[in-house]
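Since the structure comes first, as structure tokens, the remarks are kept for the end.
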Amino acid sequence: MASTELEKKPGFAYQKYDSTLDKTIAFREVQLGEDLTKIHQWMNQPHVIPFWNLGLELDKMESHLERAIADTHQTLYIGYLDGVPMSYWESYWTKDDIIANCYQPHPEDQGIHLLIGEPDYLGKGYALPLLKAMTAFQLQHLPTQKIVTEPDIRNQKMIHVFERCGFEFQREITLPDKQAALMFCSRDRFMEKWES
């Protein structure tokens with residue numbers, strides 16, 4: 001790796017102490033060389049495969065991530081708890097995404113995808129605080145008034161977490177790879193729920 005690449009390697013894009021967990025949540029942008037093996041392992045976990053359909057061989061995962069990182073409509077993140085990488089996130093502009101065919105997007109709407117990759121972190125109440133942190137991070141972009149998500153309609157646990165965060169179910173939609181629950185969270189609703 002060239003020295004300029006080392007200098008450019010980002011630290012955490014967002015970091016916040018969560019008092020409910022007594023842990024620090026942080027996100028940093030995905031770096032292919034550093035994160036390929038980890039993301040490949042996570043995408044091949046039994047709890048992830050049915051909803052992401054990315055249980056690929058390592059070389060195919062590398063190609064997939066290269067394309068995803070180069071795609072300017074989204075940014076990929078690794079999520080941390082107390083310095084431990086344990087989740088994967090995609091933050092995207094909905095106007096440039098397939099989801100724009102399913103509702104009338106505002107140019108500043110953002111979307112969110114996530115997975116908790118490390119099995120040791122499942123079922124421990126981490127999903128909601130992590131989702132709150134990512135939503136707050138996205139809303140730092142002040143023109144954004146709405147965050148959109150479309151979890152697999154079968155993933156009732158995740159739909160419930162989104163609802164607890166402040167997302168509201170709109171309707172079931174058909175996407176190329178799944179039947180999904182279209183859900184919106186407005187800035188006002190999120191701030192009213194969590195910032196008061």
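Quick look at the values:
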read-out: Residue among Ala100, Ala136 that alone is aliphatic (A, V, I, L, M) and touching a residue at least 60 places away in the same chain (Cβ under 8 Å); value: Ala136
read-out: Number of positions in segment 119-130 that are in contact (Cβ under 8 Å) with a residue 60 or more places away in the chain and either surrounded by fewer than 17 Cβ atoms within 10 Å (Cβ to Cβ) or in a strand (DSSP E or B) (or both); value: 3
read-out: Which numbered condition Arg67 fails, given (1) in contact with a Gly (Cβ under 6 Å, 6 or more places away or on another chain); (2) open to solvent by 20 Å² or more (accessible area, probe 1.4 Å); (3) over 23 Å from Met183 (Cα atoms); value: (1)
read-out: Matching residues, segment 131-182, being touching a helix residue (DSSP H, G or I) at 6+ places or on another chain (Cβ under 9 Å), in a helix (DSSP H, G or I) and open to solvent by less than 10 Å² (accessible area, probe 1.4 Å); value: Leu131, Thr135, Phe162, Cys165
read-out: Scope segment 183-196; condition over 19 Å from Phe51 (Cβ atoms) and crowded, with 19+ Cβ neighbours inside 10 Å; matching residues; value: Cys185, Phe190
read-out: Residue selected from segment 98-118 under the condition surrounded by fewer than 20 Cβ atoms within 10 Å (Cβ to Cβ) and among the charged types (D, E, K, R), by the criterion modelled with the lowest pLDDT; value: Glu118
read-out: Condition check for Tyr77: crowded, with 18+ Cβ neighbours inside 10 Å and either in contact with a strand residue (DSSP E or B) (Cβ under 7 Å, 6 or more places away or on another chain) or not hydroxyl-bearing (Ser, Thr, Tyr) (or both); value: yes
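For (1) open to solvent by less than 50 Å² (accessible area, probe 1.4 Å); (2) of a type in the set (Val, Ile, Thr); (3) modelled with pLDDT of 95 or more; (4) farther than 27 Å from Ile153 by Cβ, each residue gets a yes or a no:
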residue	(1), (2), (3), (4)
Phe27	yes, no, yes, no
Lys38	yes, no, yes, yes
Glu62	no, no, yes, yes
Leu81	yes, no, yes, yes
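The values are calculated or read from the model by the stated rules, or taken from the named source; none is laboratory data. All values derive from a computational prediction rather than experimental measurement. Every residue, glycine as well, gets a Cβ built from its backbone with ideal geometry; the counts of neighbours run over all protein chains shown. Just so you know, the surface numbers come from the protein's heavy atoms only, side chains and all, with ligands and any DNA or RNA stripped out. Shrake-Rupley method; radii C 1.70, N 1.55, O 1.52, S 1.80 Å.
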